[in-house]
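Undergrad: I am attaching a structure below and will ask some questions about it afterwards.
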Amino acid sequence: MSIRKMEPREKRVIPDRLGTPLRRLLGSWEVLLFGVAVLIFIANSLASPYFLDAWNLSDATFNFTEKAMIAFAMALLIIAGEIDLSVAAIIALASTAMGYAVQMGVGTPGLVAIGLATGLACGAFNGFLVAVLRLPSIVVTIGTMSLFRGISYIVLGDQAFGKYPADFAYFGQGYVFWVFSFEFVLFLAVALVFGILLHRTNFGRHVYVIGNNPLAARFSGIPVERVKFILFLLTGLMSGIAAVCLTSRLGSTRPSIAQGWELEVVTMVVLGGVSILGGAGTIVGVVIAAFVMGLVTFGLGLLNVPGIVMSIFIGLLLIVTIALPIIARRVRDASKA
Amino acid sequence: MRNLLKNRELLLGLIIVGMILGFSTRADNFASPGNLANIFNDTSILIILALGQMVVVLTKSIDLSVAANLAFTGMAVAMLDAAYPGLPLALLVVLAIGIGAMLGAINGLLVWILQIPPIVVTLGTLTIYRGMTFVLSGGAWVNAHQMQPDFLGIPRMLVLGLPILSWVAIVVVILVGFILTRTPFGRSTYAAGGNPVAAAYAGIDVGRARFLAFVLSGALAGLSGYLWVSRYAVAYVDIAIGFELDSVAANVIGGVSIAGGIGTVIGTVLGALFLGVIKNALPVIGISPFAQMAISGIVIVLAVVFNARAERRKGRIILRDRAPASEVSA
């Protein structure tokens, strides 16, 4: 318990959907979010004639598949009471490593291996600092975020890596079946794996227990630090996979690749109903949140809204989705009193 | 404990002096008073931002929106200055502080009234404020020729050998030092971060302390907005992007505990100067400026490791001491 565990104490001050009426709310969070997704879908199809097109919708999935794959691992990490702000920087470093390997003449299988290995190594480094040295993950990953991306800047400066082999393009541009891209199918598969991991295994139960009460988890014989280390490894691995997909899709690497994605990934996780204080959340919620964010950005894009203005919507979405249940609870409590 | 903190600041001071001496073997005039004053002036804005960040961090919160706040406020005053050349500079500075404080108050209210975790609030407002900067300016730049001479010139004016920009930083250092050590609000920030529950029992409104800390941080970010635009003589959407991390880094290096309740003004100032010296030394010792990001990353990680060791020496609950041992056997 070297990390000062003040959060559980604050959790008593900030009851986070743990009471019985709130549990019902949590149960309906995914349903509510699904309703929002449907509304956005309808609004989009009314607002733009180009929206309801199989290929356009397929393109829209690229807005969120890579981020969502990281978001699943991040969800587990946040449920366990930690956070990783270095994910986008891991993408940059993994992409740089792959770009460097291309210059050395490495083929596609080697590139994928290098991308995943870089992600794992970065995750292991974060995990070592947080789980072994017991440092607070927020600051550690702010540090490793500038470290990882900083290494990319040292290697690349203002240059870019390109000339990826032709068959490497499949991961970001290939289609498995009709309009279903490789990325989208991978996204579904990853969602399934993480859903089983979190909701159907002992490991998943451990993640919840650690997030709710790390001390109790430790006294129950759960290897808290080992679970946290594995979670950072997983997050690193998923960032590596996202790096492979994104690099393949863009066909080039710059050190500023995926800038600011950590925010969008965290937003996706929180929007999906995962408690930022840890201990609660589902994979289904994150899946729906991924669709919601993808639909919002794609719809706004069709309406020619610039990216930076979209980020206002994402920021508002983040704050409003957290604030609404709190306000609703206040109103209900007030009407009861 | 006080001794330990003092030692730490002394140590950091010695490291900075050592670095300056080391760099001056590579470049003769690095340690010259003129160059040191230059480094201080270069670091002034970081010092101001870091002090605002420090007050927030003391209350066990974090303000990631400071750089976006700086960009928005800087853009707002630059546009006002360009559109209404007649506005007196004093009014613009007051406006900058006011707009900044207002943006900070939004963060503070969300944290205080709705009790949303500060990191989530400020991650959200970071993108919102930056996006608002774009909406405000339409993506356009405000360039040097559109700004008035006094808008650009006054921070550069030399008073007693130092530019006014440096003097502003010195005044802010003294002011924040005074607030933290000599006012009820200042003491309540330490209490609110050190032990929120005990603070509440002692009659301290923890939420209010956090709110005021965010307002102060916002006000200082607003002031930095004007200073930044004036110093670099340009305002655009992406100014100071990522600078919030530098302000956190300065705190972490300066020994401010990210868990709240621990930290001194001197430590934070030294933390900022540490980064400033490195930044100014890189070209001197022939390292690519692209390396700066990685170096600050390494420094942050090392500083966190160092802080954790320093904090761990404090009194601990015996049970917690034993806990890791039981975990090894598990």
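Since every read-out is calculated from the coordinates, none of them should be taken as a lab result. This one's a predicted model, so the numbers in the text were calculated from it and none came from an experiment. Ideal geometry is used to build each Cβ from the backbone, glycine not excepted, and the neighbour counts take in all protein chains shown.
Undergrad: Per residue of A:314-325, count partner chain C-beta atoms within 10 Å of its C-beta, then hand back the mean as an integer.
TA: Neighbouring Cβ atoms belonging to other protein chains average 5 per residue here.
Undergrad: Next question, about the same structure. Could you work out the Rg to Rh ratio of chain A, with Rh taken as the Kirkwood radius (inverse of the mean 1/r over all Cα pairs)?
TA: On the way: Rg = 20.2 Å, Rh = 20.6 Å.
When Rh is taken as the Kirkwood radius, the ratio is 0.98.
Undergrad: To continue, here is another question. Show me A:197-205, B:61-69 ranked by packing, highest mean number of other Cβ atoms within 10 Å first.
TA: B:61-69, A:197-205
Undergrad: Report, as an integer, the average count of C-beta atoms from other chains found within 10 Å of each Cβ along A:215-224.
TA: Working: counts 3, 0, 1, 6, 5, 1, 4, 2, 3, 4.
For this peptide, the per-residue mean of nearby foreign Cβ atoms is 3.
Undergrad: Name all residues of the range A:146-177 having a backbone nitrogen under 14 Å from the label point set 7 Å from the Cα of A:Val185 along its Cα→Cβ direction, giving them as ranges.
TA: Correct set: A:170-177.
Undergrad: A further question on this structure: What spacing in nm lies between the two simple spin-label points modelled at A:Phe219 and B:Ala233, each 7 Å away from Cα in the Cβ direction?
TA: Once both label points are built, they end up 6.6 nm from each other.
Undergrad: Please give the charge dipole size of chain B, origin at the Cα centre, charges +1 on K and R Cβ atoms and -1 on D and E Cβ atoms. Round to the nearest 20 debye.
TA: 1080 debye
Undergrad: Kirkwood hydrodynamic radius, the range B:145-219, all distinct C-alpha pairs: what's the number in Å? Each step should come with its number before you reach the end.
TA: Details: mean 1/r = 0.0679 Å⁻¹.
After inverting the pairwise mean of 1/r, the radius is 14.7 Å.
Undergrad: Of the candidates B:Gly177, B:Gly13, B:Gly286, which one comes out as most mobile in a Gaussian network treatment of chain B with C-alpha springs shorter than 10 Å?
TA: Largest GNM mean-square fluctuation: B:Gly286.
Undergrad: How large is Rg over Rh for the range B:88-180, taking Rg from the Cα atoms and Rh as the Kirkwood inverse mean of 1/r across Cα pairs?
TA: 1.05
Undergrad: A follow-up question, please. Can you tally the net charge around A:Glu264? Count Lys and Arg as +1, Asp and Glu as -1, for every other residue whose Cβ sits under 15 Å from the Cβ of A:Glu264.
TA: Overall, the nearby charge balance is -1.
Undergrad: Moving on. Please give, to one decimal in nm, the separation of the simple spin-label points placed at A:Val106 and B:Asn29, each 7 Å out from Cα toward the Cβ.
TA: With each label point 7 Å from Cα toward Cβ, the separation is 4.6 nm.
Undergrad: Given 0.36 nm per residue, what is the gain on full extension from A:Leu52 to A:Arg205 after removing their alpha carbon distance, in nm?
TA: Gain in length upon complete extension: 51.1 nm.
Undergrad: Let's test this: bin the Cα-Cα distances of the range B:185-291 at 10 Å from zero up to the farthest pair and state each bin's percent.
TA: All Cα pairs, binned at 10 Å, distribute as 13, 33, 33, 16, 6, 1 percent.
Undergrad: Quick check on packing: order A:293-304, B:210-221 by the mean number of other C-beta atoms within 10 Å, highest mean leading.
TA: Per-residue Cβ counts within 10 Å, averaged per peptide and sorted highest first, yield B:210-221, A:293-304.
Undergrad: Considering only lysines 8 or more places apart in sequence, or on different chains, count the pairs in chain A whose C-alpha atoms sit under 28 Å apart.
TA: Taking chain A as the scope, the lysine pair count is 5.
Undergrad: So which helices of chain B fit the span-like rule, where a helix is a whole DSSP H run, its Cα atoms reach 27 Å or more along the axis, and its mean Kyte-Doolittle is at least 0.0?
TA: In chain B, the long hydrophobic H runs are B:2-24, B:33-58, B:89-112, B:118-137, B:206-232, B:265-284, B:292-312.
Undergrad: Report the Stokes-Einstein translational diffusion coefficient (µm² s⁻¹, integer) for chain B, Rh taken as the Kirkwood radius over Cα pairs, at 20 °C with viscosity 1.002 mPa s.
TA: The diffusion coefficient I find is 104 µm²/s.
Undergrad: Would you mind giving the mean number of other chain beta-carbons within 10 Å of the Cβ of each residue in B:284-292, as a whole number?
TA: Numbers: counts 0, 0, 0, 1, 3, 2, 10, 5, 4.
Average neighbour count from other chains, rounded to a whole number: 3.
Undergrad: Mind checking which of B:Gly260, B:Leu270, A:Ile314 is farthest towards the positive end of the protein assembly as shown's charge dipole, using Cβ charges of +1 (Lys, Arg) and -1 (Asp, Glu) about the Cα centre?
TA: B:Gly260
Undergrad: Gap in Å between the Cα centre of the range B:142-185 and the Cα centre of the range B:41-111?
TA: Going from one Cα centre to the other spans 13 Å.
Undergrad: Compute the projected area of the convex hull of the Cα atoms of the protein assembly as shown, averaged over all viewing directions, and report it in nm² to one decimal place.
TA: Averaging across all directions leaves 31.4 nm² for the Cα convex hull.
Undergrad: Excluding A:Phe171 itself, what net charge comes from residues whose Cβ is under 9 Å from its Cβ, given Lys and Arg +1 and Asp and Glu -1?
TA: Numbers: positive: A:Arg249; negative: A:Glu183.
In short, 0.
Undergrad: Next up: Dipole of the protein assembly as shown, Cα-centred, from +1 at each Lys and Arg C-beta and -1 at each Asp and Glu C-beta, to the nearest 20 debye?
TA: For this selection, approximately 2280 debye.
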